[in-house]
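Asks: Before I ask anything, here is the structure I am working with.
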Amino acid sequence: MTRGDLRELYQEVIFDHNRRPRNFHEMPEADHVAEGHNPLCGDQLTVYLRVRDGRVEDASFLGHGCAISTASASLMTEAVKGQPVDDVEALFRDVHALLTEKDAPERDFGKLAALSGVKEFPVRVKCATLAWHTLHNALAGRGEQAKTE
Amino acid sequence: MSAVATRGREAATGEAARPGVAAHAADFPILARPVRGRRLVYLDNAATTQKPSSVIEAEARYYRESNANIHRGVHWLSQHSTDLYEESRERVRALLNAARSEEIVFTRGTTEAINLVANTWARTNLGAGDEILITTMEHHSNIVPWQLVCAQTGAVLRVAPIDDEGALDVDVFAALLGPRTKLVAIAHVSNALGTVNPVARLVELAHAAGAVVLVDGAQAVAHTVVDVQAIGCDFYAFSGHKLYGPTGIGALYGRHELLRAMPPWQGGGDMIHTVSFEGSTWAEVPQRFEAGTPNIAGVVGLSAAIDYLQSVGLERIAAHEHALLEYATEAARSIPGLRLIGTAPEKAGILSFTIDGIHPHDLGTILDTEGVAIRAGHHCTMPLMKRFGIPGTARASLALYNDESDVDALVAAIRRAQELFSGN
C-alpha cells in the first residue's frame, strides 16, 4: 500500500468538508432531530431535519469528531436537502452499501464517492456511517441515540 | 518484497539513547516485516510488546518436547511439564522479589488478576459504607472491578485527583484516606500519561490508614525494576504480553497471609483438596486460585520472556528508554500545534499528545500508512480523557527495541499529516 491509498481516503473533498463543514448549525424549526454518538472513538453529532410534504426541506448538523465523521455528515446534508424522503432513505441504504460492501451500488454518488476509500481502513467505517444512521433515526422519529460501533 | 529502509543504528553520541539496547531489535522477527510497504515503526508497546525469537521458540518447543498436563501426573512428561511450570513461578517471584513463590498466582493477565482480588478479598472484606480509593488516571481494568464490588457490597468508590501535568497530589491523596478506607488500588505507571506514581510512599500512607493496597503494574514490569517487598504493596498485578511474553498469561502477587485467608473464585480441578457431593475442600495457595488446566505454554513463554529481559538487563533498558523519551519529548515540543498530555516530572516511555486541527483517529490512520503504529483514542481511560476535556489522544509508547530513527519517523509522519490537513 502506498500514499495513493491514503489519498483515496483523505481526498481533497474530505479535507474541504472537514475544514468548512456545510450546513453546520442548529435548526430551531427542525421537526426531526436525532443524535449519534460513538463513545469508544468520541465522534458525536446531532442531525436536524425539516420535512414538508414528503420532502426534506432543510438539513443541518452539529457535533465534533474526526475528519471522516465530520466530512461524511457535511456531504450528507448537501446530498439530502430538497430530496423526497423515500429517495433519502434509498440513498442511506446505498451509501451504507458503498461503505461496507465489496461492490458499490450502481448509482452516481457524486461527491459522496469520496467516502468509499474508508473500506481500506475498516476501523474507520463507523466514523463515516455515523451521520447516516443518525439521519435514518431522525427520519423514522426514533428516540434512541444512533451508534455505529 | 520491496526494500525496506534499514534502521540507523550507527552509534549515537552524547546524551542520545544507547544504541546497544536497541540493537536487540534484531531479536524480534516481526520488526523486520514491512507494513503497508513501509518499514514497521512499532510504537504501540503500551498496548502490547513484540516477542523475541527465544520466547516464540520456547512456546513452540514446549509443544514439541514437553507438553503434558501438570500436577499429579504419573508419567515423565507430566513431571517435566510441572517442573517447567513451577520453575516459571519461581522466575516471577524473583522478578518481583516476592518473599515466597506461594505468593505468585498465574492468571490470564492484569485484568483477571484484579478481578480475582475484587471477587475474593474485596467481596469478603468490604461492607456498606467502606471505601475503595483509586485515582483519576486508572485504566478501566482498575476501575470497573471495583465498581462491581461496590454495587455488590454497598462500598463506595472514591477518586484521588491529578493535576494538569498528570501527577497525583500526594497530600490530596492522603486527605482522602480515612478510617473507612479499606482498599487502595493504584497504577504503578499510567498507560495513557506515562506518569510514574510514588507507589512506596502511597502504600505507606494507605497502610497507616489501615487499608490494603493493590498496585496495577501492567505498564511497569517491562520498564523498571519492581520490588514488591520494597514497595510494600499487598497485591501487584501484571501481564506477560506487555513484558515481551505471550498473550493470555499474567500474574498476581499477593502477600501470603492475605492469599491464605481468601476464599476461592473459580472452582474446579486443581484448586481443590478433596471433592465429594457432601462438600469440597480447597487446596493451599496459590493453587487455590488456579482452577483448571492453565495456559502452560504461556507460562513457559513468560519464563523465557523474563530470562530475555534479564539477559538484556532491566536497568539498561530503563536507561535507554529514559534517554529515548527525552529525545522524543524534545522532538514533540518542536512540532507546532502539538500538545503533550502527561508531563509529570516522573515518567515512563509513553508520549500522549494531541495535534491542533487533527483528530487522533485521523492522525493514527495517516501514521499507519507511513508504517508508524501508534494508538489513538481513549486508551481505556475514559474518565481521564474527560478530566482533560478531550475525546482521546494519540499515544506513542517505547520499548527496548525502539531507537531515535523510530522517533524521527514518527515526527516526519506527524508533519506529513499536518501538511495534508493544512491543504498543502
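The numbers here are math on the coordinates, done by the rules we state, and not lab data. None of the values given here were measured: they were computed from a predicted structure. Heads up, the Cβs are rebuilt from the backbone with ideal geometry, glycines too, and the neighbour counts pull from every protein chain shown.
Asks: Measuring from centroid to centroid over Cα atoms, what is the spacing of segment B:94-110 and segment A:97-131 in Å?
Replies: Cα centroid to Cα centroid, the span is 49 Å.
Asks: Order these peptides, B:139-147, B:215-223, by their mean beta-carbon neighbour count within 10 angstrom, highest first.
Replies: Output ranking for B:139-147, B:215-223: B:215-223, B:139-147.
Asks: Here's a follow-up. Suppose we keep just the alpha-carbon trace of segment B:149-267; what are its Rg and Dmax in angstrom?
Replies: According to the Cα coordinates of segment B:149-267, Rg and Dmax are 15.0, 45 Å.
Asks: Counting every Cα pair in segment B:232-340, what percent are over 22 Å apart?
Replies: 56 percent
Asks: Here is a further query. Are there any trypsin sites (Lys or Arg not before Pro) in segment A:45-146 that are in a DSSP loop and have at most 15 other Cβ atoms within 10 Å? List them by number.
Replies: When the trypsin sites (Lys or Arg not before Pro) of segment A:45-146 are filtered for loop state and at most 15 Cβ neighbours within 10 Å, A:K102, A:R107, A:R142 remain.
Asks: Between segment A:1-80 and segment B:251-277, how many Å separate their Cα centres?
Replies: A separation of 54 Å, based on Cα centres.
Asks: Helix by helix through chain B, keep the DSSP H runs that span 20 Å or more along the axis on Cα and average at least 1.0 on Kyte-Doolittle, and give those back in order.
Replies: Helix filter hits for chain B: B:296-312.
Asks: Once the Cα gyration tensor of segment B:339-424 is diagonalised, what are the square roots of 5 times its eigenvalues, in whole Å and ordered largest first, as equivalent ellipsoid semi-axes?
Replies: 20, 18, 11
Asks: Something else now. Starting from the Cα of B:R415, step 7 Å along the direction of its Cβ; do the same at A:R19; then give the gap between the two resulting points in nm.
Replies: Taking the simple label geometry, B:R415 and A:R19 are separated by 2.1 nm.
Asks: Continuing with the same structure: Indicate, rounded to the nearest 5 percent, the antiparallel portion of the DSSP beta bridges found entirely in segment B:55-310.
Replies: Taking every DSSP beta bridge within segment B:55-310, about 50 percent pair in antiparallel fashion.
Asks: Can you flag which of B:K182/B:K242; B:K242/B:K347; A:K119/A:K147 are past 22 Å Cα-Cα?
Replies: Among B:K182/B:K242; B:K242/B:K347; A:K119/A:K147, the Cα-Cα distance tops 22 Å for B:K182/B:K242.
Asks: What does the structure give for A:16-24 when I average, per residue, the other chain Cβ atoms found within 10 Å of the residue Cβ?
Replies: Averaged over the peptide's residues, the number is 1.
Asks: Any chance you could list the semi-axes, whole Å, largest first, of the equivalent ellipsoid that the Cα gyration tensor gives for segment A:3-140, using √(5λ)?
Replies: Those come to 23, 17, 13 Å.
Asks: Another question, if that's okay. With +1 on the Cβ of every Lys and Arg and -1 on the Cβ of every Asp and Glu, and nothing else charged, how large is the dipole of the protein assembly as shown about its Cα centre, in debye rounded to the nearest 20?
Replies: Dipole size: approximately 300 debye.
Asks: Using a 10 Å cut-off around each Cβ of peptide A:59-69, what is the average number of partner chain Cβ atoms that fall inside?
Replies: Mean partner shielding for this stretch: 3.
Asks: Right, next: Pick from A:A59, A:A113, A:A71 the residue whose mean-square fluctuation is largest in a GNM of chain A, springs joining Cα atoms under 10 Å.
Replies: Result for chain A, Cα springs under 10 Å: A:A113 fluctuates most.
Asks: While we're on this one: Where the centroid of each part is defined by its Cα atoms, how far is segment B:183-222 from segment B:378-395 in Å?
Replies: Spelled out, the Cα-based centre of one part sits 20 Å from the other.
Asks: If the viscosity is 1.306 mPa s and the temperature 10 °C, what translational diffusion coefficient in µm²/s does Stokes-Einstein give for chain B when Rh comes from Kirkwood over Cα pairs?
Replies: It diffuses with D of about 70 µm²/s by this estimate.
Asks: Let me ask you something else. Give me the inter-chain shielding for B:351-364: mean count of other chain Cβ atoms within 10 Å, whole number please.
Replies: Mean inter-chain Cβ contacts per residue within 10 Å come to 4.
Asks: Using a basic spin-label model with each label point 7 Å from the Cα along Cα→Cβ, how many nm lie between B:V172 and B:S276?
Replies: If labels sit at B:V172 and B:S276, their model points lie 5.8 nm apart.
Asks: Rounded to the nearest 500 deg cm²/dmol, what is the calculated helix-only ellipticity per residue at 222 nm for chain B, with -39500 (n - 2.57) per DSSP H run of length n ≥ 4?
Replies: So the calculated ellipticity at 222 nm is -11000 deg cm²/dmol.
Asks: Compute the semi-axes of the equivalent ellipsoid of the protein assembly as shown, taking the square root of 5 times each eigenvalue of the Cα gyration tensor, and list them largest first in whole Å.
Replies: Computed over the protein assembly as shown, the values are 45, 30, 24 Å.
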